[in-house]
Amino acid sequence: MSYQDFQTEGRRLGILRILARRNMFTSNEYSLNDELGGNYGHIISKDLLHSDLAWLEEQGLVIIQQPRAGWIITLTSRGSDVAEGRAKTPGVAAPQPGA
């Protein structure tokens, strides 16, 4: 696995784990990106975040709504399973014990 793949998989897991802790399993893109950078060390562009979110939606792990003010992202039950390590999806890192 390349370093870029390692970063991408970890970032996607971070997104799912952030949503799993949120009230109603929902966040806006701005808050999500802030926490992804602050708590997970993934400081990324809005374009890269949108790319990851679109990929996660294609996998059935999140639902995206796109009102004019910014994206609203909601975790699906499958996304919750992946975030907690109960299911695996290629392209998303598996949670590590104690993390």
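The values are calculated or read from the model by the stated rules, or taken from the named source; none is laboratory data. All values derive from a computational prediction rather than experimental measurement. Please note: Cβ atoms are built from the backbone with ideal geometry, for glycine as well, and neighbour counts cover all protein chains shown. Keep in mind that these areas ignore ligands, DNA and RNA; they rest on the heavy atoms of the full protein, side chains included. Shrake-Rupley method; radii C 1.70, N 1.55, O 1.52, S 1.80 Å.
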With each run of n ≥ 4 DSSP H residues scored as -39500 (n - 2.57), what mean residue ellipticity at 222 nm is computed for the chain after dividing by its residue count and rounding to the nearest 500 deg cm²/dmol? -16500 deg cm²/dmol
Contour minus Cα-Cα span, Asn28 to Ile63, at 0.36 nm per residue, comes to 11.4 nm
Candidate residues Glu35, Glu29, Glu57: accessible-area rank, largest first, probe 1.4 Å: Glu57, Glu35, Glu29
For semi-axes √(5λ) of the Cα gyration tensor in Å, the choices are (1) 44, 12, 8; (2) 27, 20, 15; (3) 19, 15, 13; which was calculated from the structure? (3)
Could you work out how far apart the two model spin labels at Ala94 and Leu48 are, taking each label as a point 7 Å from the Cα in the direction of the beta carbon, and quote it in nm? 2.6
Net lengthening on full extension, Thr74/Phe6 (0.36 nm per residue, minus Cα-Cα): 22.1 nm
